Amino acid sequence: MIDSASVSTMSSNPSLRDLAGFALERAKTLGATAADVEISTSTGQSVTVRLGEVETIEHNRDKGLGITVYLGQQRGNASTTDFSHAAVARTVEAALAIAKYTAPDSFSGLADIDRLAVAPYPELSLYHPWRLSVVDATEMAKRMEAAAFAVDTRINNSEGASVSISESDFIYANSHGFMGGYPTTHHSASTTMIAGADDGMQRDYWYAVGRSEQDLESMEAIGRRAGERTVARLGARKAPSGEVPVLFDATVASGLIGSFVNAVSGSSLYRKSSFLLDSVGTTVFSPMVSIHEDPFVIGGLASGAFDAEGVTTVKRDIVADGVLQGYFLSTYSARKLGLASTGNAGGNHNLIVRPTHNAGLDFVGLVKKMHRGFIVTELMGQSVNSVTGDYSRGAVGFWVENGEIAYPVEETTIAGNMKDMLKGIVAIGNDVLALGSKQTGSILIDRMAVSGE
């Protein structure tokens, strides 16, 4: 089923490769016509300090193996956390037993062999272990929280400051002969502060995340940002009701892009539960919007040479001058739609939303351009209708008059339709945050309904 001499791999853990090979061979021996397996391990540590004292110290060590087998077009899956050969063999048997009782699905099966990634893979610098002791992590968290308290005497409480580190390794292999994997790291620091008195308390946060400790802001910078954001919300009131421009700051703007990604992803499309059906080649954004997918960003939080099915990833334009260029498809969803996989099994890779107006406006410039309207810094609820695109969510932020922030806002709702919102984008800022798989600056929309006073 799999020739270990012919596989390509980039994992640092030979034992995972050996275990993957064993699982596939066992599946073949027991009669599977095809199979794939994913094996992962991870370790991590998190230290949380509150009010200058250690609140929690957590250590985690996880591992898992999932095997999918095919009997023609019948599919079965089983998993285990026991890596002994006996346990893995039983897991393969369980997957086969399930497959025997499932209905055939003509769209199921492994990715096409000619779509699989081939070594050598690019070095993406995704593994930077941080040998951080509990003592040092505690000291860093204390510095972060102290910096937040130092911003203003009205900051009188904390929900804690945390420093977390983790590293993981994985292997994906299938009976087409593909085997690949690599180690990764993910480190973060965050704090949430509380300010004000009982009759007017506010909370806010800030955080940093990266593959390497060098990717993180200093603990003091994170704490100051959390403190400043918290104090800025004191004295909040409802916004005036009406239709006005709305500026989604960079911390929440990625959510707008996420709603778009969901609408043009395979499962939504073949279920016909998307407001952007049959939209490739049509204008779905304002003509000033371009979005690029780059799986090969060095140190990127969503970088990878292949997707969750081993399909090679590619750089591509998702949106060019407002026009949709392609969907996000796994092998299964592509077959359901009569298309080819885009290498997005497991999700999108680094989506980069390009700033508008050449180098782009900074946040202050966007506020001036808006002149009068609502800045959104936090959203509540998940009222986005994936079929119609209707959008309605609770929002927190700031009211703007004459191009300047006038006062903080709470207990306000914004509403619109995603089709209109995406086409109504008038500017994207250069205040880009790279804290996840979607990188965007603040997004200014020409008009939404605001319900407050």
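Odds and ends about this structure:
- Kirkwood Rh in Å, taken over region 380-453 so that all alpha-carbon pairs contribute: 13.9
- Global geometry of region 197-240, whether rounded, prolate or oblate, following the gyration tensor of its Cα atoms and the 1.5 cut on a/c: prolate
- Amide H contacts of Asn156 (H built 1.01 Å from N, in plane; Pro and chain starts excluded): Ile194, Ala195, Gly196 sit under 5 Å, all sequence-distant by 5 or more or on other chains.
- Our analysis of region 20-159 gives Rg over Rh at 1.22, with the two radii drawn from alpha carbon positions and Rh computed by the Kirkwood formula.
- Note on region 124-185: Kirkwood radius taken over Cα pairs, Stokes-Einstein applied at 25 °C and 0.890 mPa s, translational D equal to 162 µm² s⁻¹.
- Cα-Cα over 28 Å, subset of Lys100/Lys315; Lys272/Lys419; Lys368/Lys438: Lys100/Lys315
- Cα radius of gyration and Dmax for region 147-284 (Å): 21.6, 65
- Å² of accessible area per residue within region 344-409, as computed with a 1.4 Å probe and no ligands counted: 45
- Mean Cβ neighbour count within 10 Å, used as a protection proxy, ranking 421-427, 275-281, 346-352 highest first: 421-427, 346-352, 275-281
- Mean residue ellipticity at 222 nm, helices only, the chain: -7000 deg cm²/dmol; runs of at least 4 DSSP H residues each add -39,500 (n - 2.57), and the sum is divided by the number of residues.
- Semi-axes of the equivalent ellipsoid of region 87-198 are 48, 21, 15 Å, computed as sqrt(5λ) over the eigenvalues of the C-alpha gyration tensor in descending order.
- Solvent exposure of region 1-136 as accessible area per residue, Å², 1.4 Å probe: 54
- Values of log10 I(q)/I(0), in the order q = 0.16, 0.20, 0.22, 0.27 Å⁻¹, for region 320-399 under a Debye, Cα-only, solvent-free model: -1.00, -1.14, -1.15, -1.17
- Put simply, the C-alpha atoms of region 224-304 give a gyration tensor, and the ellipsoid matching it has half-axes of 31, 22, 13 Å, longest first.
- Average accessible area per residue (Å²) across region 156-281 - probe 1.4 Å, nucleic acids and ligands excluded: 36
- Counting only protein heavy atoms and a probe of 1.4 Å, the accessible surface of the chain is 50% carbon and sulfur.
- The calculated pair-distance distribution of region 140-222 uses every alpha carbon pair, bins of 10 angstrom beginning at 0, and gives 17, 35, 21, 14, 9, 5, 1 percent.
- Take 170-182, 294-306 and order them by the average number of nearby Cβ atoms within 10 Å per residue, most first; the result is 170-182, 294-306.
The values are calculated or read from the model by the stated rules, or taken from the named source; none is laboratory data. Everything numeric here is computed off the predicted structure, so don't read it as measured data. Every residue, glycine as well, gets a Cβ built from its backbone with ideal geometry; the counts of neighbours run over all protein chains shown. Areas reflect the complete protein model, heavy atoms only, side chains present, ligands, DNA and RNA absent. Shrake-Rupley method; radii C 1.70, N 1.55, O 1.52, S 1.80 Å.
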